[in-house]
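The block underneath contains the structure these notes are about, expressed in structure tokens.
The values are calculated or read from the model by the stated rules, or taken from the named source; none is laboratory data. Being a predicted model, the structure only gives us computed values, none of them experimental. Glycine gets a Cβ as well: all are built from the backbone with ideal geometry, and neighbour counts include every protein chain shown. The protein model used for the area step is the full one, side chains on, heavy atoms only, and it has no ligands, DNA or RNA in it. Shrake-Rupley method; radii C 1.70, N 1.55, O 1.52, S 1.80 Å.
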Amino acid sequence: MHTAPRMRHGGDLVVESLTALGATTVFGLPGQHALGAFDALRRSGLAYVGLRVENNAGFAADAFARVTGSVAPLLVSTGPGALMTLAALQEAAAASAPVLAIGSQVPTAGLGGGRKGYLHELTDQQASFRDVVKSVHTVRTASQIPSALAAAWTSALEAPAGPVWLEIPQDVLLAPVTVPPVSALRAEPRPLPPRPELIEHTAELLRDAERPVILAGGGVVRSGAREELRALAERLDAPVATTFGGKGAFPWDHPLSLQSWLEDRHTTTFLEDADVLLVVGSGLGELSSNYHTFRPRGRLVQIEADLGKLESNHPALGIHADARAALAALADAVPARPAGTGAKAAADLLARVRERIDGQGLELEQGVLAAVREALPDDSPSFWDMTILAYWAWSAFDPRAGALHSAQGAGGLGYGFPAALGAAAADRTRPVLAVSGDGGAMYSIAELATARQYGLPVTWLIVDDGGYGILRAYMEDAFGEATGTELARPDFVALAESFGVPAVRTTAGRLAGDLGAALAAPGPSVVVLPAQLRMFAPTHLADQG
């Protein structure tokens, strides 16, 4: 008996196109208008990780993109589902994470603000995304789906990478199609090499410099330029500081490493005193400039893939280029100089930084961070929410062979745990650490169900201080009293166990052992540390020596 072939529809073109482009995993949450795509996803070879809140699905896709360097598809529905992704897409934009967000739309008849009264209808859904993502793409017919996805994929990857938004009406996703299955699509981002005359001039400046220093940002990490950065620094005998987003760009314990103490006045002064400061992959924004107190006195050279960030905060010799290509060209162009001076300058600076921190009675905080470092395997990535321990980690945590990721780009709460789930979905062979405060943890509690459902190897450290601890500290310092920062919260151990996730309540003294045991166990786990941590004294408010 002859069986008629199954009729394909627009949703099949979506999953076929994603597969042809190289996607392996899709994150998301289904909704009425997107069901055509989800039906096709069921029949595809793509892995699906469904989270409980669209914003958390966006954070998971962001982390998948960061750890793999590839595009992470995010599939959501129209209106409320789409809008719930905006905070996550803002973080992806700040971190240059290539997330391909695919949202459904009301039927084609309702596009253009016609006010047809469809469920989830917005007058102009795209308008909500234009100020957040790199590019916006619209599909009106099924035949446009493959090319539109290829264009969006290319846009997401092209330097500077970032999130993109593509929307497809419900009726297009459900429309029957007779075209052959998509077998191949090309999405090749254009390279962004440096202009040769700029490299030549920069090489001359560095050759003649007496005190060259390098500040490496997240662009170095994203372009995979660690070896090129190290080669250039060693040829120049130049100390290297990394921004919070650039952690891991340069070995923490290298003799030339200044580490990441960018909120320290000693470090700010050291960078200011460089006669040539090479800034690579950073826009010298608020956090990277010690809250805009940085005032360079020497010549500034800035290598940046994002054209809008070139000289956006300080006059410089601006080089619009991919960090890896530019650093490789500079390493070939500069002569090697004798080693020794740079390492001594770096060691002297770090000694002054340690003396300042050690004089503030912060043994608990330093001990907790050291315990986390002891427990975490060297090659495991960690994901940090906006919480006091994360603020410490930005400056003081050595990521080793793993990587440290946080939401410090956009600064929203709730990033750590769902992001860790996205990283674990990319590689289930090693444990992943998430760190949150109790306030931030409440944004993501529902994702304990996700962790359990997929058996993802994520250990969630929740530092419970009874409220929004960093905001409490800010308000008490500024106004003498905090408002709106104290929180009723659940028994996190009992709550995790109710999801079937093992959990333990620990102390600062037991943290290394309890956290290490949780990380070594298969599947998800939760470790709760009741503690009220303090930040080290700021140096951007006054010169504290």
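Among Ser282, Ser44, the order of accessible area from largest down is Ser44, Ser282, computed with a 1.4 Å probe on protein heavy atoms.
Surface exposure of the chain, expressed per residue as accessible area with a 1.4 Å probe, stands at 39 Å². Distance between the C-alpha centres of region 319-338 and region 351-393: 33 Å, rounded to the whole angstrom. Principal-axis analysis of the Cα atoms of the chain puts helix 363-375 at an angle of about 60° to the longest axis. Taking the C-alpha atoms only, the angle from helix 226-236 to the longest principal axis of the chain is near 20 degrees.
Bridge orientation summary for the chain: considering DSSP beta bridges with both residues in this region, about 5 percent are antiparallel.
When GluC sites (Glu not before Pro) are flagged only if DSSP places them in a loop and at most 10 other Cβ atoms lie within 10 Å, the longest unflagged stretch of the chain comes out as 211-480. Separation of region 151-211 and region 434-456, taken as the distance between their Cα centroids, equals 32 angstrom. What separates the Cα centres of region 252-269 and region 485-545 is a distance of 27 Å. Against the chain, whose longest principal axis is taken from its Cα atoms, helix 469-479 shows a tilt of about 60°. Close Lys pairs in the chain (alpha-carbon distance under 29 Å; sequence gap of 8 or more, or different chains): 4. When Thr341, Thr154, Thr269, Thr19 are compared by accessible surface with a 1.4 Å probe, the order from highest to lowest is Thr341, Thr19, Thr269, Thr154. Ordered from largest to smallest accessible area (heavy atoms of protein chains, 1.4 Å probe), the residues Arg43, Arg265 come out as Arg43, Arg265. Accessible area of Leu86 (1.4 Å probe, protein heavy atoms only, ligands and nucleic acids ignored): about 40 Å².
Over the chain, DSSP H runs of length four or greater, each weighted -39,500 (n - 2.57), average out per residue to a 222 nm ellipticity of -11000 deg cm²/dmol. Quick one: with all protein chains in place, what share of the accessible area of region 331-456 is carbon or sulfur, to the nearest percent (1.4 Å probe)? On region 331-456, the fraction of accessible area on carbon and sulfur atoms equals 51 percent. Put simply, the amide H of Ile168, placed in the peptide plane, has neighbours under 5 Å in Gly103, Ser104, Gln105, leaving out anything fewer than 5 places away on its chain.
For semi-axes √(5λ) of the Cα gyration tensor in Å, computed directly from the structure shown, the correct entry in (i) 40, 30, 20; (ii) 44, 32, 21; (iii) 52, 28, 22 is (i). Choose one of Ile199, Leu258, Val179: the residue whose Cα lies farthest towards the positive end of the charge dipole of region 168-307 (beta-carbon charges +1 Lys, Arg; -1 Asp, Glu; about the Cα centre). Projecting each Cα onto the dipole axis, the largest value belongs to Val179.
A simple count of charges around Ala241, restricted to other residues whose Cβ falls under 13 Å of its Cβ and scoring Lys, Arg +1 and Asp, Glu -1, yields -3.
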